[in-house]
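Reviewing the structure listed below.
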Amino acid sequence: MSMPEGRMDEQTIAMRVAREFQDGMVVNLGGGIPSLACNFVAEGRDVFFHTENGALGYGGTASLEEADWDLFNASFQPVTPLPGMSFFSHDEAFAMIRGGHIDISVLGALEVSEKGDLANWAIGNMKDHNGNVVAWIKTGRFPPAIGGAMDLAAGAKRIIVAMTHTTRDGSPKVVKKCKYEITARKCVSLIVTDMAVIEVTPEGLVLKEAAPGLTPDDIQAVTEPELIVADDLKEVEL
Amino acid sequence: MAGTQIRIFLIFWRLVGVSVKMNKIVASAREALADIFNGAVILCGGFGCVGGMPSTLLKALSELPVKNLTLVGNAPVLGLEAQKTAARTMQVPESYADGSLLLKNGQVSKLIASVPAMAIYRLQEPFPIVKALQEGQDIEIELVPQGTLAERIRAARAGIPAFYTGTGAGTLLEKDKEVRQIDGRPYLLEYALKADFALIWAYQADRYGNLIYKGTSRTFNATMAGAAAVTVAEVAGVVETGELDPEIIVTPGMYVDRVVVRQGETG
């Protein structure tokens with residue numbers, strides 16, 4: 001799928017997200033675009049990647065030759081070992097999450113609201129299926145799956161969303177109110193998309209950075225809530 | 001009279017020596033699962049992908065005439081095709097199997113999982129749970145966030161009947177649950193998940209049932225060990241007592257009832 005002009009590719013979004021990782025931080029990466037961020041840690045920084053299935057301090061994505069069935073991340077991707085890595089059980093992995101020991105959780109999203117509500121576990125709404133999860137799954141169309149997203153969204157110190165700015169058919173994913181099922185309320189603090197970097201503040205959504213070649217109007221046109229343009233608006237910095 | 005009998009009994013036990021020492025190693029998976037009953041609640045170890053799935057045990061369970069089972073796990077029924085899609089160019093071991101075998105046989109009446117199927121993978125055939133439901137099987141599904149699932153299982157092992165968690169507050173999962181404000185934040189009351197059997201994967205065991213794991217294959221396996229009335233572990237190999245360094249034993253043998261050596265490369 002070719003990207004419209006002015007849009008950054010997935011690797012570039014991940015690269016921008018990785019700039020948020022400071023030395024010594026513990027970071028959990030969700031599936032999809034977030035999982036790519038492990039490959040872009042800034043030189044000279046020690047960042048400890050945490051995965052729900054029980055590892056802290058893994059490296060980048062493993063090549064086919066390096067891949068080991070006993071070293072995977074929660075996105076079912078093989079990763080590489082790093083010196084100082086540790087393993088633990090699933091309950092311990094989530095004690096780390098629930099206990100507020102994760103500095104940054106990067107999650108994909110279907111929708112983010114202007115209040116920072118996150119929707120990322122179900123394409124659809126339980127109401128569409130008369131509140132019946134079995135009926136929903138039976139349709140076979142986008143079966144809902146919670147995974148670790150609700151725990152991360154409720155437990156990590158800071159939530160960054162990495163996603164495309166719009167759906168495939170061009171509808172905004174940054175919305176006034178989520179229409180899909182909520183993962184957690186008021187949890188997102190930063191939204192990094194293929195068009196912009198947006199901060200969630202009590203005053204509203206602040207447009208901090210724009211992709212090369214895009215004006216605030218271009219971004220506003222595909223964003224449902226009104227954006228506050230930062231005084232120091234910049235081009236996305238990598 | 002009774003005293004003499006007891007004395008003779010004790011002398012007899014002492015004579016047969018080695019054979020009566022505690023030994024949790026069982027000859028086959030079938031034997032290890034022989035007492036699983038209709039309606040049993042089964043914890044399935046692993047994460048839902050290759051690496052840590054108790055494939056040998058689940059395969060054996062699918063060959064036993066038990067039904068109305070409740071399967072509990074993170075993603076215990078995704079099936080082989082999903083693994084091949086996820087693994088891309090990696091060769092999924094022939095020995096891999098999961099709880100979808102039980103679905104296929106109509107042995108499951110309830111599924112408690114965080115990921116029953118995945119929207120991100122498009123498979124040739126519907127996911128096993130979708131297929132089972134579309135074929136008209138009556139299966140109840142309880143969606144549980146992964147961390148809440150892990151903690152509910154850990155709580156069962158630790159004798160904690162219930163706990164509060166912020167996970168799920170303000171979402172659909174609040175329905176029918178007690179919500180309590182603690183330090184100005186909403187928390188949901190979640191109950192310990194009691195189970196009859198835990199089927200888990202481990203790397204090595206000794207005959208006391210002490211277990212060590214390997215990498216991220218530890219996952220739910222170490223969480224589930226000891227959390228059910230009976231815990232059965234499948235391992236790559238059994239070592240002599242004393243060979244596992246006490247400093248690195250992850251699951252103390254007291255949590256494990258039976259150990260089986262697995263068939264095939266991994267799970």
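The values are calculated or read from the model by the stated rules, or taken from the named source; none is laboratory data. Not measured: the values here are computed from a predicted model. As a convention, Cβ positions derive from the backbone with ideal geometry for all residues, glycine included, and neighbour counts pool all protein chains shown. Just so you know, the surface numbers come from the protein's heavy atoms only, side chains and all, with ligands and any DNA or RNA stripped out. Shrake-Rupley method; radii C 1.70, N 1.55, O 1.52, S 1.80 Å.
Structure data summary
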| item | result |
| --- | --- |
| Residue list for the stretch B:201-244, filter: in contact with a His (Cβ under 9 Å, 6 or more places away or on another chain) and either over 24 Å from B:Val72 (Cα atoms) or touching a residue at least 60 places away in the same chain (Cβ under 8 Å) (or both) | B:Arg218, B:Thr219, B:Phe220, B:Asn221, B:Thr223, B:Met224 |
| Given (1) in contact with a Cys (Cβ under 6 Å, 6 or more places away or on another chain); (2) touching a residue at least 60 places away in the same chain (Cβ under 8 Å); (3) not acidic (Asp, Glu), number of the condition B:Leu57 does not satisfy | (1) |
| Members of the stretch B:105-127 that are of a type outside the set (A, V, I, L, M) and open to solvent by 30 Å² or more (accessible area, probe 1.4 Å) | B:Asn105, B:Gly106, B:Ser109, B:Lys110, B:Arg122, B:Gln124, B:Glu125, B:Pro126 |
| Identity of the residue in the stretch B:71-104, outside any loop (DSSP other than H, G, I, E, B) and open to solvent by 20 Å² or more (accessible area, probe 1.4 Å), that ends up nearest to B:Gly52 (Cα to Cα) | B:Leu80 |
| Which numbered condition A:Lys138 fails, given (1) within 8 Å of chain B (Cβ to nearest Cβ); (2) touching an Asp or Glu at 6+ places or on another chain (Cβ under 9 Å); (3) not in a loop (DSSP other than H, G, I, E, B) | (2) |
| Residues located in the stretch A:169-198, provided they are open to solvent by 20 Å² or more (accessible area, probe 1.4 Å), more than 14 Å from every other protein chain (Cβ to nearest Cβ) and in a loop (DSSP other than H, G, I, E, B) | A:Asp169, A:Gly170, A:Ser171, A:Lys173, A:Lys176 |
| Test result for A:Lys115, touching a residue at least 60 places away in the same chain (Cβ under 8 Å), within 30 Å of A:Val206 (Cβ to Cβ), more than 8 Å from chain B (Cβ to nearest Cβ) and among the basic types (Lys, Arg) | yes |
| Number of positions in the stretch B:248-257 that are outside any loop (DSSP other than H, G, I, E, B), away from every other protein chain (no Cβ under 14 Å) and open to solvent by 50 Å² or more (accessible area, probe 1.4 Å) | 1 |
| Qualifying residue in the stretch A:72-90 (condition: of a type in the set (Ser, Thr, Tyr), more than 10 Å from chain B (Cβ to nearest Cβ) and surrounded by fewer than 23 Cβ atoms within 10 Å (Cβ to Cβ)) | yes |
| Candidates B:Leu143, B:Leu123, B:Leu133, filtered to the one that is at pLDDT below 95 and among the hydrophobic types (A, V, I, L, M, F, W, C) | B:Leu123 |
| Whichever residue in the stretch A:41-71 is touching a Phe, Trp or Tyr at 6+ places or on another chain (Cβ under 9 Å) and within 8 Å of another protein chain (Cβ to nearest Cβ) and, among such residues, is nearest to B:Phe163 (Cα to Cα) | A:Glu52 |
| Index of the failed condition, B:Arg122 passing every other in (1) charged (D, E, K, R); (2) touching a strand residue (DSSP E or B) at 6+ places or on another chain (Cβ under 8 Å); (3) within 12 Å of chain A (Cβ to nearest Cβ); (4) closer than 29 Å to A:Thr61 by Cβ | (2) |
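For every residue, the table says whether it meets (1) open to solvent by 20 Å² or more (accessible area, probe 1.4 Å); (2) without any contact (Cβ under 8 Å) to a residue 60 or more places away in the chain.
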| position | (1), (2) |
| --- | --- |
| B:Gly147 | no, yes |
| B:Arg152 | yes, yes |
| B:Arg157 | yes, no |
| B:Ala169 | no, yes |
| B:Leu172 | yes, yes |
| B:Gln181 | yes, yes |
| B:Tyr187 | yes, yes |
| B:Glu190 | no, yes |
